[in-house]
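**Q** Would you mind keeping the following structure in view while I ask a few things?
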Amino acid sequence: MIEELFQIEKHAYKDSCIHRLDARVKILLAFAAIIAIVAVPYSNMVYTVGGIFFAFFIVLWALTRLSPRIYLQRLIEIVPLWGIVIFFQIFLKNKYYVDYHVVMTLPFGIAIYAESIQFAFILLVKFIVSISFIILLSSTTKVQDMLEGGVRLGLPADFALILGMMIRYLFVFGYIYRKVNESLATRCFNAFDRRLPWKYRMRQLGYTLGTMFIRAYEQGERVYTSMLCRGYGRSSFLYIKKKPLCRGDIAFLCASLAFVIVIPVTIWLTAIRFF
């Protein structure tokens, strides 16, 4: 996970028309797309709206000039975790359907329902569309820019300060974790090497975790002392200067929000179905 964190931030430093957009524009677009797809009723129109939204995402991803492999790798890493939750929906009844038809009966009284399968697919479409726009946001926006964009959109100062410190020292912890791993590798130690006694491996991992805890504690003490020397206190907040949106950002934001709002409403009113 630490290496993936550095890799995500590395992608955000690349240059494209999407990377150059203001962070507020991309945050609002991601939230609008997620709210729009979640607000669509649980019916077959979800497939049409989800397909159009995903096509819109593909266009935006192509403009980033990032490899599709990056998106697929991140999607594959996320889907299994939530895919289990979605998969188990086929065994459950939910409030969106009145009648249920059994497709298959399993031992111990477990049944698979046709309506539950449909609900699981609808949930999967909503999840993929939502997570795709989140991946687009995180892959094209630096973490610090995202924080500043959130503050300019009205994020409370207390939250901004806490998140700012967490973001900053998350990477510090990442560097320490990388150095510890490199130190173990230079000593030819592999915790998953079965040729070594498991007690020895557990003892060395315990020493490693203890070392990391001590280093983190010492680093925290040094940081806190440095903050006090610079006047940190209860009334301290993260200062972020005001930054107006340029015309290009405003035009892109208005067009994207109009697209995200008009498409579901039009499909709902006209009952158009492509799937």
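**Q** Which three extents, in whole angstrom, do the alpha-carbon atoms of the stretch 84-171 cover along their principal axes, largest first?
**A** Per principal axis, max minus min of the Cα coordinates gives 53, 23, 23 Å.
**Q** Strictly over 19 Å apart at the Cα level, which of LYS179/LYS199; LYS10/LYS241; LYS10/LYS142; LYS14/LYS142; LYS26/LYS242 would you flag in this model?
**A** Flagged as over cut-off: LYS179/LYS199; LYS10/LYS241.
**Q** Would you grab the residues whose amide H sits under 5 Å from the one on ALA111? Only those 5+ places off in sequence or on another chain, please, with H modelled 1.01 Å from N.
**A** Here LEU106 satisfy the definition.
**Q** Taking the Cα centre of the chain as origin and charging only Cβ (+1 Lys, Arg; -1 Asp, Glu), how large is the dipole, in debye to the nearest 20?
**A** Using only the charged Cβ atoms, the result is roughly 760 debye.
**Q** How about the stretch 202-269: which chymotrypsin sites (Phe, Trp or Tyr not before Pro) there are in a DSSP loop, with at most 16 other Cβ atoms within 10 Å of their Cβ?
**A** Within the stretch 202-269, the qualifying chymotrypsin sites (Phe, Trp or Tyr not before Pro) (loop, at most 16 other Cβ atoms within 10 Å) are TYR232, PHE237, TYR239.
**Q** Set the Förster distance to 22 Å, then compute FRET efficiency between VAL103 and TYR42 from the Cβ-Cβ distance, nearest 0.05.
**A** 0.75
**Q** For ARG203, what charge total do you get from the other residues with a beta carbon under 15 Å from its beta carbon, if Lys and Arg give +1 and Asp and Glu give -1?
**A** Around ARG203, the surrounding residues sum to +2.
**Q** Between ILE78, GLY149, SER116, whose Cα lies farthest towards the positive end of the dipole of the chain when Lys and Arg beta carbons carry +1 and Asp and Glu beta carbons carry -1, centred on the Cα centre?
**A** Of the options given, the answer is GLY149.
**Q** Moving on. Taking the Cα centre as origin and putting +1 on Lys and Arg beta-carbons and -1 on Asp and Glu beta-carbons, what dipole magnitude results for the stretch 156-229, to the nearest 20 debye?
**A** 540 debye
**Q** Kindly write out, for the stretch 161-177 in residue order, the coupling ³J(HN,Hα) from the Karplus curve 6.51 cos²θ - 1.76 cosθ + 1.60 (θ = phi - 60°), rounded to whole Hz, with x marking Gly and Pro.
**A** Karplus-based 3J(HN,Hα) across the stretch 161-177 equals 5, 5, 5, x, 5, 5, 5, 4, 8, 5, 6, 4, 4, x, 5, 5, 4 Hz.
**Q** Mind telling me which of MET45, MET202, MET165 comes out most flexible in a GNM of the chain, alpha-carbon contacts under 10 Å?
**A** Among MET45, MET202, MET165, the largest GNM mean-square fluctuation belongs to MET202.
**Q** With springs connecting C-alpha atoms under 10 Å apart, model the chain as a Gaussian network and identify which of ILE176, ILE122, ILE135 has the largest mean-square fluctuation.
**A** So, out of ILE176, ILE122, ILE135, the one fluctuating most is ILE176.
**Q** For the stretch 159-275, max minus min Cα coordinate along each principal axis, in Å, sorted largest first?
**A** 68, 51, 23
**Q** Would you calculate, for the chain, the mean residue ellipticity at 222 nm contributed by helices, counting each DSSP H stretch of 4 or more residues as -39,500 (n - 2.57) and dividing by all residues, to the nearest 500?
**A** Here the helix-only value at 222 nm equals -24000 deg cm²/dmol.
**Q** Sticking with this one: Would you report the distance distribution of C-alpha pairs in the chain as whole percents per 5 angstrom bin, up to the bin with the largest distance?
**A** Each 5 Å bin holds this share of Cα pairs: 1, 5, 9, 11, 12, 12, 12, 11, 10, 8, 6, 3, 1, 0.
**Q** Another one. What nm value, rounded to one decimal, do you get for the distance between ALA191 and ALA62 when each label is placed 7 Å out toward the C-beta?
**A** Placing both labels 7 Å along Cα→Cβ, they lie 4.4 nm apart.
**Q** Now for a separate question. Please list, or write none, the lysines whose alpha carbon is within less than 23 Å of the alpha carbon of LYS93, excluding same-chain residues fewer than 8 places away.
**A** In chain and number order, the partners are LYS126.
**Q** Okay, moving on. Which listed residue (VAL262, VAL59, GLY210) has the Cα farthest towards the positive end of the charge dipole for the chain, taking +1 on Lys and Arg C-beta and -1 on Asp and Glu C-beta about the Cα centre?
**A** GLY210
Each value in this text was obtained by applying a stated rule to the coordinates, not by laboratory testing. Since this is a predicted model, take the numbers as computed values, not measurements. Don't worry about glycine lacking a Cβ; one is built from the backbone with ideal geometry, like all the others, and counts go over all protein chains shown.
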